[in-house]
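*Asks:* Following this message is one structure expressed as structure tokens.
The values are calculated or read from the model by the stated rules, or taken from the named source; none is laboratory data. Predicted model, so just to flag it, every value in this text is computed and none were measured. In this analysis, Cβ positions are derived from the backbone assuming ideal geometry, glycine residues included, and neighbour counts consider all displayed protein chains. The area values use the complete protein model at the heavy-atom level, side chains included, leaving out ligands, DNA and RNA. Shrake-Rupley method; radii C 1.70, N 1.55, O 1.52, S 1.80 Å.
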Amino acid sequence: MSHAVCLFPPPASKERNLHVDEALVWVADKCWDDRIENVLDTSILDFIACCGQKKNVWSPLTKSDLFGCNYMPKKCSITTVLYMSGRVNGRGVASADSESSSTWSCNAVKDDMINVHLVPHTHDDVGWLKTVDQYYYGARNDIQNAGVQYVLDSVIPELVNDPSKRFIYVEIAFFARWWREQEDNMKTVVKGLVNSGQLEFILGGWCMNDEASTHYNAIIDQHALGFEFLRQNFGGCGRPRIGWQVDPFGHSREQASLFAQFGFDGLFFGRLDYQDKNHRLNTTTMEMLWHGSPDNLGEKSDLFTGVLYNLYQPPGGFDFNQYSSDEPFMDDPRLHDYNVDKKVDDFLKAAKDQAKYYKTNHIMMTMGSDFEYQNAHHWYKNLDKLIHYTNKRQTTDNSKINLLYSTPSCYTYQLNRANKTWPTKSDDFYPYAYREHSFMTGYFTSRAALKGYIRETNAFLQHFVSKCGLVTVVFIVLLISNAVSGEAMGVAQHHDAVSGTEKQQVAYDYAMRLANGRSECQKVMNDAMGQLVPKGSEGFMGVFFCDLLNISACSITEQNKQMIPVFKRTQNIPERKGYMAKNELVFRVEIPALGYSTYMIKMSEGKFLLFLLTMYMHFTGKAISLLEHMSLKFDSNGNWDKLTDLHTGQSVDARSDIVYYHGMAGNCSQGKFQSSGAYIFRPNGTTPQTWTDPPTVVTVDGPLVNEVHTEFSPWVTQVTRQDKMGKEVVVRVNTGMKSDATFYTDANGRDIIKRVRNFRKTWNLNQTESVAGNYYPVNSRIFLRDESSGMQFTVLTDRSQGGASIQDGQLELMVHRRLLYDDSLGVGEPMNETGSDKQGLIIRGKMYVHFGQISDAAKFHREFGLRTYLTPITAFTKTDMNYQDYSMFYNTMWSGLKQELPANIHMLTLEQWGGPTLTPSQTQPYLIRLEHFYENGEDPQLSLPVTVNLQDLFVTFNIANNNVYKVENRQKLKGSLDITLNPMEIRTFQVNLKDGPPRQNVDKFTVFS
Ligand SMILES: [Zn+2]
């Protein structure tokens, strides 16, 4: 099959040497590539057959191809014909491009004019005020008038009727719902629109993910899910090339780095600090080259990035949505209210205003907004008139403004043609304030329980996918169950989900989806264990997963011999009603890499309790005792006193306490009346509140752990429940370290970014909120360094939080928020989470601290960061067998790896690969992602490049030597299966198994979460 030309514009950045030939998540990127054969829609082939054409459908068609077709049997539907004619006309329009190419899908530009790229778009939140399903169908329109199905229903005919029209679509969670409901004819039409570039998928993630409280693992997974959907249904022409993060509240450098590694050519976003925006407008630096990982990946992580002029809205007066109050074009001069002249004048002014701030003779205008285009005709009819009457001025008035329907890809392509040098950026866009006292730093911590649940469920999904992936018998069920949990996780990464900025009913819906996903995983994990655990034909009794361990509740483990009393406050958590356990059992375990181990405990009634612990890690889960490296001394009040590094003997005074800010109350009518809310953190004053009475202290000494239970009871019993002010609770550690206004936070769990108090790298900050304006997202770690003593103090968190260093030597992390006012950003209700007793929701979390030399610190926080992220899963069962009998019939320990991976390599992904593959494959292929998780220069040994042999990895299967593909460039791996990874590098492979199970073409997108 010949390689015909793709109608899609070529990767713009290639010419600028920005394009990275690396794809974390994508396989077939060549449109019309012969491999796409797998996804060719048979109805298109039918059409060709109908018309008696022998021609390959993927070659460019001519009008005579279409109209020379005299034979039209019944099965060729009218929509198919519409698709074909649209495509032919589309090419006709494209041929007028100043590049004089007949293959682009971009509309023509005029090089001697300011070209205004009008981008029709809709911003569809995957849950916010309504749930994702309510938004899809347009239910509960009393809350918000929004139904995504109508958007797609009404946009498609508009595109079909006029090949010059364009539309971009972003959120695949919605698109997939719509696609599943369409008949084949409609699917054919839509494929035609995608192939011609009229309908372009932008971003292409399951959602437009939040960037502050997401982990890179989840960001990759949610994009891989969306990309995989597009790949399976649209092939190479569905491949997104542009990041479109128009709404998230601040932007992470790691997100840019990942986008560059996805092979994106550009990124556009809407929100940045108002001072930064003013500075960029005044210095014509709204568009830049962002270095996503300057110290590690270099050019591979560079991404062209543009700030949108008007957030993601149209210019004032030009919102042509059905329910907009902006005036439509009234263009019959015989009628009253004729307004064309004024409309065009206003638009020309808006275009000239905007063009002043951008470097080239191209500007982009976002013509759409939240859930717009439910009646696309309203928009397009007026956009047609806008284009017609404004461009008419070119002949009547010598106007130099040219309007065209466009997409961000076509716009980016023109910027590349302009051959400019762009300014660079190497830090990130946090924190984001949109006016003086409105810093969106509260959402770093908002809904701490949901944030924790998302993190914990992700660990479950990763264990499940990999563990069951190794047990080939369960693979079909696996793909489907994987889809349930994968889609739930994908939805949960949305910028109003994990961010905690949704309405309460929507937060419950996200949690329910995650719970459903978990229970699907648990069923299949039990099946997998049934394959792995028995030595012979003995059946396996199955295991029970305790989902309530976060409140120390698990019915199967109750009434055990235990050692550590459950903290009184925990025993009183209202959700524990009915659970008896008053003690927790603490013992050290060892779990082999990517495997499980079993422990048995004899219970009082003579039965045995079986613990199965599974681990998704590349190395053995042997206990790391921090107490071998450092010591922590308490004073008599239960406060921390001194931290000592046992290697060097260096000590530092350290005190930890829990304090709280009163959230500012206000009606938000003006900036100075901004209240604290789900998005905004605005403390009432700069000094946090402390307690006057000393806390109650209970000390528990045991052979393995010592615990100091400190109860700040007056706050718990009186303040939270009785007074009427919102609380933002922080854990604060004061050390004697000389940190020189500097601290460090991670970017989505990966690269570390240096933060300096009251300072921004790219503009002169006028600090207006001395606490909230110094808060940054902490996804897994925050640390202080004392360069004079060479020591580092690190705190690792178990979920995303906001963190800061408000004074030298001090770190604080906000752990919980309960607010009684709405911050007036649309949610319309205060973020006042309550438990089953209708009192403030109780949250339990963990933090790990480390004090040691700077040169040793990475070894701790890199490995422990992964351990905290992917905590082992525990499962339980009761049995009459004793250990001896049990171990005769069952494997008590198992590992899927032949040997541990090197200490700086992590297996990020191991999963069965569905859909079309890189090459025809007889056996089920697998996708493997390996990552080097140290940064350059962090550790003398572990930061070095390292080589791994893929063949040596897995116990249960052998990789076919001649059938391993590098996903990054779709090349076969030649010679040995040695893979080298450089610091912070992620590499993706498709492997095929020797004698593996037959390949199944399972469509994992037919189920819903
Ligand atoms: Zn949004």
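*Asks:* Quick check on the stretch 753-768: of everything there that is open to solvent by less than 30 Å² (accessible area, probe 1.4 Å) and not in a loop (DSSP other than H, G, I, E, B), which residue is farthest from Ser438 (Cα to Cα)?
*Replies:* Per the stated criteria, the residue is Ile753.
*Asks:* Separate question: State yes or no: is Tyr338 among the aromatic types (Phe, Trp, Tyr) and within 31 Å of the chain's Cα centre (by Cα)?
*Replies:* On the way: among the aromatic types (Phe, Trp, Tyr): yes; within 31 Å of the chain's Cα centre (by Cα): no.
No, not satisfied.
*Asks:* Is it the case, given these coordinates, that Thr956 is closer than 30 Å to Phe174 by Cβ, modelled with pLDDT under 80 and surrounded by fewer than 19 Cβ atoms within 10 Å (Cβ to Cβ)? Walk me through how you get there before you give the answer.
*Replies:* On the way: closer than 30 Å to Phe174 by Cβ: no; modelled with pLDDT under 80: yes; surrounded by fewer than 19 Cβ atoms within 10 Å (Cβ to Cβ): yes.
Criteria not met by Thr956.
*Asks:* Residues that are under 21 Å from Tyr508 (Cα atoms), at least 2 per element: which helices (runs of 4 or more DSSP H) completely within the stretch 114-212 meet that?
*Replies:* Details: elements: 132-137, 148-161, 172-180, 184-196.
Ranges flagged: 132-137, 172-180.
*Asks:* Considering the stretch 526-542 alone, what residues qualify as being surrounded by 14 or more Cβ atoms within 10 Å (Cβ to Cβ) and free of Cβ contacts under 8 Å to residues at least 60 places away in the same chain?
*Replies:* Correct list: Asn526, Asp527, Gly530.
*Asks:* Can you pull out the strands (runs of 3 or more DSSP E) entirely within the stretch 848-959 that have at least 2 residues that are among the hydroxyl-bearing types (Ser, Thr, Tyr)? Give the steps one after another, and end with the answer.
*Replies:* Details: elements: 873-879, 893-895, 905-912, 926-932, 946-949.
Because the criterion is at least 2 residues that are among the hydroxyl-bearing types (Ser, Thr, Tyr), the strands (runs of 3 or more DSSP E) in the stretch 848-959 that meet it are 873-879.
*Asks:* Would you mind telling me which numbered condition in (1) under 15 Å from the mean Cα position of the chain (by Cα); (2) within 16 Å of the ligand (Cβ to nearest atom); (3) open to solvent by 10 Å² or more (accessible area, probe 1.4 Å) Asn145 fails?
*Replies:* (1)
*Asks:* Still on this structure, I have one more. Being within 16 Å of the ligand (Cβ to nearest atom), surrounded by 24 or more Cβ atoms within 10 Å (Cβ to Cβ), under 24 Å from the mean Cα position of the chain (by Cα) and within 29 Å of Asn310 (Cβ to Cβ), is that true of even one residue in the stretch 186-199? Write out each step before concluding.
*Replies:* As a first pass, look at the stretch 186-199 and keep what is within 16 Å of the ligand (Cβ to nearest atom): none.
No - not one qualifying residue is present in the stretch 186-199.
*Asks:* Can you tell me which condition Gln255 does not meet? The list is (1) within 16 Å of the ligand (Cβ to nearest atom); (2) more than 14 Å from Gly205 (Cβ to Cβ); (3) within 16 Å of the chain's Cα centre (by Cα), and all the others hold.
*Replies:* Answer for Gln255: the failing condition is (2).
*Asks:* Quick one: which residue in Val477, Val484 is within 23 Å of Thr214 (Cα to Cα), part of a helix (DSSP H, G or I) and modelled with pLDDT under 80?
*Replies:* Details: Val477 fails: within 23 Å of Thr214 (Cα to Cα).
One residue alone meets the criteria, Val484.
*Asks:* Please name all residue pairs, on different chains or six or more residues apart, with Cβ atoms under 6 Å, provided the first residue is in the stretch 103-127 and is within 16 Å of the ligand (Cβ to nearest atom) and the second residue is assigned to a strand (DSSP E or B) and among the aliphatic types (A, V, I, L, M).
*Replies:* Matching pairs, first to second residue: His121/Ile168.
*Asks:* Looking only at the stretch 276-301, count how many residues are more than 23 Å from His117 (Cβ to Cβ) and touching a residue at least 24 places away in the same chain (Cβ under 8 Å).
*Replies:* Within the stretch 276-301, residues that are more than 23 Å from His117 (Cβ to Cβ) and touching a residue at least 24 places away in the same chain (Cβ under 8 Å) number 12.
Yes/no per residue for (1) closer than 28 Å to Ser552 by Cα; (2) surrounded by fewer than 21 Cβ atoms within 10 Å (Cβ to Cβ):
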residue	(1), (2)
Gly828	no, yes
His861	yes, no
Thr868	yes, no
Thr874	yes, yes
Thr877	yes, yes
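*Asks:* Can you tell me how many residues in the stretch 263-283 are open to solvent by less than 10 Å² (accessible area, probe 1.4 Å), aromatic (Phe, Trp, Tyr) and either within 16 Å of the ligand (Cβ to nearest atom) or out of contact with any Gly (no Cβ under 8 Å at 6 or more places or on another chain) (or both)?
*Replies:* Result for the stretch 263-283: 2.
*Asks:* A follow-up question, please. Checking the condition of a type in the set (Val, Ile, Thr), more than 16 Å from the ligand (Cβ to nearest atom) and buried (at least 17 other Cβ atoms within 10 Å of the Cβ), which residue from Ile156, Ile168 passes? First the steps, then the outcome.
*Replies:* Numbers: Ile168 fails: more than 16 Å from the ligand (Cβ to nearest atom).
Result: Ile156 is the single residue among Ile156, Ile168 that is of a type in the set (Val, Ile, Thr), more than 16 Å from the ligand (Cβ to nearest atom) and buried (at least 17 other Cβ atoms within 10 Å of the Cβ).
*Asks:* Is there a residue in the stretch 210-224 that is within 16 Å of the ligand (Cβ to nearest atom) and of a type in the set (A, V, I, L, M, F, W, C)? Walk me through it before giving the result.
*Replies:* So in the stretch 210-224, the residues within 16 Å of the ligand (Cβ to nearest atom) come out as 210-214, 222.
When the remaining residues are screened for being of a type in the set (A, V, I, L, M, F, W, C), the result is 212.
Taking every residue of the stretch 210-224 in turn, at least one turns out to be within 16 Å of the ligand (Cβ to nearest atom) and of a type in the set (A, V, I, L, M, F, W, C).
*Asks:* State all residues of the stretch 907-927 that are of a type in the set (A, V, I, L, M, F, W, C) and at pLDDT below 85; if no residue qualifies, say none.
*Replies:* As a first pass, look at the stretch 907-927 and keep what is of a type in the set (A, V, I, L, M, F, W, C): 907-908, 910, 913, 918, 927.
The answer is Leu910, Trp913, Leu918, Leu927.
*Asks:* Further question: State all residues of the stretch 225-252 that are acidic (Asp, Glu) and within 16 Å of the ligand (Cβ to nearest atom); if no residue qualifies, say none. I'd like the intermediate steps shown before the answer.
*Replies:* Going through the stretch 225-252, the residues acidic (Asp, Glu) turn out to be 228, 247.
Asp247, the sole residue that qualifies.
*Asks:* I'm trying to understand the selection: among the residues of the stretch 315-353, which are touching a strand residue (DSSP E or B) at 6+ places or on another chain (Cβ under 6 Å) and either open to solvent by less than 10 Å² (accessible area, probe 1.4 Å) or at pLDDT below 95 (or both)? Please lay out each step first, then the result.
*Replies:* Step one: list which residues in the stretch 315-353 are touching a strand residue (DSSP E or B) at 6+ places or on another chain (Cβ under 6 Å), which gives 348, 351.
Within the stretch 315-353, just Ala351 meets the criteria.
*Asks:* Any residue that is surrounded by fewer than 19 Cβ atoms within 10 Å (Cβ to Cβ), within 20 Å of Gly270 (Cα to Cα) and either of a type in the set (Val, Ile, Thr) or within 16 Å of the ligand (Cβ to nearest atom) (or both) - is there at least one of those in the stretch 358-367?
*Replies:* yes
*Asks:* Provide a single number: the residues in the stretch 758-798 that are among the acidic types (Asp, Glu) and either free of Cβ contacts under 8 Å to residues at least 24 places away in the same chain or over 16 Å from Asp808 (Cβ atoms) (or both). Before the answer, list the steps.
*Replies:* Filtering the stretch 758-798 down to residues among the acidic types (Asp, Glu) leaves 769, 786-787, 798.
Next, only the ones that are either free of Cβ contacts under 8 Å to residues at least 24 places away in the same chain or over 16 Å from Asp808 (Cβ atoms) (or both) stay: 769, 798.
Selection size over the stretch 758-798: 2.
*Asks:* Separate question: Quick check on my filter: what residues within the stretch 296-314 are open to solvent by 50 Å² or more (accessible area, probe 1.4 Å) and touching a Phe, Trp or Tyr at 6+ places or on another chain (Cβ under 8 Å)?
*Replies:* Within the stretch 296-314, Tyr309 is the sole residue that qualifies.
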